[in-house]
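Worksheet for the structure shown next.
Rule-based calculations on the coordinates, nothing more; no lab input. Because the structure is a prediction, the values reported are computed rather than measured. Every residue, glycine as well, gets a Cβ built from its backbone with ideal geometry; the counts of neighbours run over all protein chains shown.
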Amino acid sequence: MTSRYRVEYALKTHRRDQFIEWIKGLLAVPFVLYSQPTGIFDETNGFNISQSSEEAHRRYAEIMRDIEVMVDDHITHQLDASRVPSKLKLLVPTIGNFFTRLPLEAAFKFQDRKRYISSRRFVSPSFNDVRLILNTAQLMAVTTHGTLRLATFDGDVTLYDDGESLEPSSPVVPRIIDLLRKNVKVGIVTAAGYTTADRYYARLHGLLDAIASSTALTPQQRQGIIIMGGEANYLFEFSPSSPHLLASVPRERWLTPEMAAWSDAGIAALLDIAEAALRDCVKNLNLPATIMRKDRAVGVVPRDPSLRIPRESLEETVLVVQKTLELSTRGRDFENQVVPFCAFNGGRDVFVDIGDKSWGVSVCQAWFGSDDSNGTGAGAGRIRPEQTLHVGDQFLSAGSNDFKARSVSTTAWIASPAETVELLDELADFMGKKLS
Ligand code: IMP
Ligand code: MG
């Protein structure tokens, strides 16, 4: 029984997004009932392709509207914690909280025009169709129904390919500058943890140089971008006069009171346990890798860039180190709370970082929340979750660092830098429509 549970857990649960799978299952029913695969060889019996796709479209849209109503009901329940769970919570037990309602019917119609979902007769609505519909609904919600004030972006896979950097020719660059021009603040919230500006400049130079030379931005808008590295450990602000266009901001200017309570001893103890667990994995799984210990992180990286650690070994390592840390009683702060950490599979490596992106995005919300966003840091106000959008690629629950941002902001889940570009175009479109 135990081992069966472990197999189910290790192989399935953390690799499924239950909400998306559930929506996919609901859409599969009209797909089976109304799509007409025989139409390609049988044009008799008054069969009409456009009628069948219209019918599928109508049924899919109805389902999305029903889910939209269920999300509204769930939001009412989450506002009143003492009430019984919502129907959605009973149907999808892992569902979290929503910061905005989701216009799913309109988002479906938008994506159907782009992806011809209802015209397909052999391929049912897929995981990616549903993921993109949810992204569109979230963009509609933060623009048409609200006001977006902060967009945060993950680095690897979101802004550039894994391990690469943001080059001047990247189509993401003008789109991020456009956000700044519209006074939307930008945070690059990456796990990549470096203590010096030159390393971040190396990864982000295409964007930083473009901001420095842009004639479209006012000096104040140029200060609308910050880099939050190591999940929530190193903050850099834009600084036109600094050698790498970035200036490191001392921790005392931006740590939230909770973060300031994480003791150095607690952090070191947690990283020691993580390091020991990672060393065991390198040995037991015979990984072609070395341990990289930093002041706020510890990782397993390939011994040589040409070597690849198998995906299964990366996942096993994440789950081992995560469980070991969860069960350990050391690594506590002054209040005797366990210092938060994030263990994740980075695609080629595994890292355990102190803190996670929920803290990183939260710091951005506080930094830009005060009216004079150019320096006083965690001031009076903070940008609210429903005014924030985090864009990232890692959202499957175990060891996915962008997933953590969901507790403090709305999110969009992309699968490649090309999808980020499409998403930013959609966003600009919705923002433009709102203005006109
Ligand atoms: P992200 O996608 O921007 O969050 O970057 C994740 C990648 O950054 C990881 O897969 C690592 O390859 C790299 N990285 C470099 N330094 C660190 C660190 O200190 N912690 C976590 N990841 C790091
Ligand atoms: Mg990433």
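For region 382-429, the tally of residues that are crowded, with 19+ Cβ neighbours inside 10 Å and assigned to a helix (DSSP H, G or I) stands at 16.
Select, from 112, 66, 72, the only residue that is more than 16 Å from ligand 2 (Cβ to nearest atom), assigned to a helix (DSSP H, G or I) and buried (at least 17 other Cβ atoms within 10 Å of the Cβ). Don't jump to the end; show me each part of the working.
On the way: 66 fails: buried (at least 17 other Cβ atoms within 10 Å of the Cβ); 72 fails: buried (at least 17 other Cβ atoms within 10 Å of the Cβ).
Residue meeting the stated conditions: 112.
If I filter region 184-206 down to residues being among the hydrophobic types (A, V, I, L, M, F, W, C) and over 20 Å from the mean Cα position of the chain (by Cα), which single residue comes out as farthest from ligand 1 (Cβ to nearest atom)? Steps first, answer last, please.
Pass one, region 184-206, residues among the hydrophobic types (A, V, I, L, M, F, W, C): 184, 186, 188-189, 191-192, 197, 202, 204.
Remaining after also requiring over 20 Å from the mean Cα position of the chain (by Cα): 197, 202.
On the way: 197: 15, 202: 12 Å.
Looking at residues that are among the hydrophobic types (A, V, I, L, M, F, W, C) and over 20 Å from the mean Cα position of the chain (by Cα), I get 197.
Of the residues in region 282-303, at least one is in contact (Cβ under 8 Å) with a residue 12 or more places away in the chain, in a helix (DSSP H, G or I) and more than 12 Å from ligand 1 (Cβ to nearest atom). Being closer than 17 Å to residue 425 by Cα, within 16 Å of ligand 2 (Cβ to nearest atom) and of a type in the set (S, T, N, Q) is the requirement here; does residue 143 meet it? Criteria not met by residue 143. Condition check for residue 222 on (1) away from ligand 1 (no atom under 15 Å from the Cβ); (2) without any contact (Cβ under 8 Å) to a residue 24 or more places away in the chain; (3) of a type in the set (Lys, Arg): one failure, at (2). Surrounded by fewer than 24 Cβ atoms within 10 Å (Cβ to Cβ), among the β-branched types (Val, Ile, Thr) and within 23 Å of the chain's Cα centre (by Cα) - does that describe any residue in region 331-343? Yes: region 331-343 contains one or more residues that are surrounded by fewer than 24 Cβ atoms within 10 Å (Cβ to Cβ), among the β-branched types (Val, Ile, Thr) and within 23 Å of the chain's Cα centre (by Cα).
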